[in-house]
Amino acid sequence: MLRWTLILGLELCLVLCPVMRAAGAGRSSSAAPPNASQAHDAESQARRIPRGTVVEIRLQNDEKIRGRMVESAEDHFVVRWVNGKEIEDRTIALGDVKSIKVLDGKPSRAKTIGRYLLVGALGGAAGVVELAKGKP
C-alpha cells in the first residue's frame, strides 16, 4: 500500500508541474489599457459566438449585461437577459461593446489547478501516514 501511495503522489507531481508552469506562462504582469484594437476584437468575437451561448458583455459605459446570445448581425447583436422579473431581448450595437466574456460553466483554470494540488497534498499526506505506521 505504501509503495502505491508514494507512486501516486510522484505521478501527480509529474503531471502538475507542467500544468502549473503552463498556467503561469500565459499571464502578463500588467494589464494593457483598452484601445481600438480591443474594441475591434470584441466586435469580431461577438460575430463568432454561436446562438444560445451565455455571455457577459461590458459596454463602453461600464454597464454589464449577462444573457444568452439570440442573434448576431453585421452591426449589432441581440442578447436575451433577465431584467427584474421580466425576460427581455436587448439589441446592442457592436460599437458600444467594450468586452465580451463567454460564460460556459467550466471551472476556471485556478480552480482546476487548486483541485489537483489538493489531491496531490492528500496523496502525499497519505504516504506520510503510511510511512509513520511502518516505522516502530
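The values are calculated or read from the model by the stated rules, or taken from the named source; none is laboratory data. This is a predicted model, so every value here is computed, not measured. Backbone-built Cβ (ideal geometry, glycine too); neighbour counts: all protein chains shown.
Which residue is nearest to VAL70 (Cα to Cα), if the candidates are limited to the range 44-60 and must be surrounded by 15 or more Cβ atoms within 10 Å (Cβ to Cβ) and modelled with pLDDT under 80?
Out of the qualifying residues, it is ALA46.
The rows are residues; the columns are (1) among the charged types (D, E, K, R); (2) surrounded by 11 or more Cβ atoms within 10 Å (Cβ to Cβ).
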| position | (1), (2) |
| --- | --- |
| ASN83 | no, no |
| ARG90 | yes, yes |
| VAL97 | no, yes |
| GLY114 | no, yes |
